[in-house]
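Asks: Just dropping this structure here.
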Amino acid sequence: MCTAALLSLVVLALSRATIPASIKPSSPLGRRLQQDVVGQPQQEPAGAVTDGVAQCPAVSPVDSSWAPASSIFDQLSAEELAAVEEYLTAELNLLPQNYSEGHLASPLDSFVYRIELFPPPKGEAVPFLDGQGPAPLRFARAIVYRGAEDPRDMMEYKVLDWH
């Protein structure tokens, strides 16, 4: 059934406060119309199969109580991002990020373009996740636009020592 026809059936159903005979009451649309138009939701058991479509249970079966509060794959915190930016600005003689407030950086300026987590190597992450090794070191991946260099370019740095 095309979208326009479906929409017209819904509008018709809402305007007459009845459900068209072409929509099965057991279908997802029929149950939704039954709830919206008549005000009587039809309850089905969790995990039931209706018209060949499995219905999701009302409560998620996922137990996340075992999950740690933080992960080795968490993005860098605001403090870590600021520390990496400060470290790179000092080491590479770059413009600070707040330079653009009231000023426009030119193509002849060098600045940090992007900072993100550099994922840990799989060989270090898997033993840690299995409880058989230490936590891998956290690295930052920084992309620096070097407009003051000749020729101008973009460099990618793997940064560890920002602490």
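The values are calculated or read from the model by the stated rules, or taken from the named source; none is laboratory data. If you're wondering where the values come from, they're calculated on a predicted model, not measured in any experiment. Please note: Cβ atoms are built from the backbone with ideal geometry, for glycine as well, and neighbour counts cover all protein chains shown. Heavy atoms of the whole protein, side chains included, go into the accessibility calculation; ligands, DNA and RNA do not. Shrake-Rupley method; radii C 1.70, N 1.55, O 1.52, S 1.80 Å.
Asks: Among the residues of the stretch 59-81, count how many are among the polar types (S, T, N, Q) and either touching a Ser or Thr at 6+ places or on another chain (Cβ under 9 Å) or modelled with pLDDT of 90 or more (or both).
Replies: Summing the residues that are among the polar types (S, T, N, Q) and either touching a Ser or Thr at 6+ places or on another chain (Cβ under 9 Å) or modelled with pLDDT of 90 or more (or both) in the stretch 59-81 gives 2.
Asks: Mind checking which pairs have a first residue in the stretch 137-162 that is over 23 Å from L117 (Cβ atoms) and a second that is in a loop (DSSP other than H, G, I, E, B), Cβ under 6 Å, 6 or more apart or different chains?
Replies: Filtered contacts from the stretch 137-162: G147/P107; G147/L108; G147/D109.
Asks: Quick test for you: out of D130, D74, D150, pick the one residue that is of a type in the set (D, E) and more than 28 Å from the chain's Cα centre (by Cα).
Replies: Matching residue, one of D130, D74, D150: D150.
Asks: Follow-up. Which count do you get for residues in the stretch 109-126 that are within 24 Å of the chain's Cα centre (by Cα), more than 14 Å from L137 (Cβ to Cβ) and crowded, with 16+ Cβ neighbours inside 10 Å?
Replies: Result for the stretch 109-126: 2.
Asks: Taking the options P127, P136, name whichever one is in contact with a Pro (Cβ under 8 Å, 6 or more places away or on another chain) and on the phi < 0 side of the Ramachandran plot.
Replies: The conditions single out P136.
Asks: Give the residues of the stretch 136-154 that are assigned to a strand (DSSP E or B) and either open to solvent by 70 Å² or more (accessible area, probe 1.4 Å) or of a type in the set (K, R) (or both), sorted by residue number.
Replies: Once the filter is applied, which keeps residues that are assigned to a strand (DSSP E or B) and either open to solvent by 70 Å² or more (accessible area, probe 1.4 Å) or of a type in the set (K, R) (or both), the stretch 136-154 yields R141, R146, M154.
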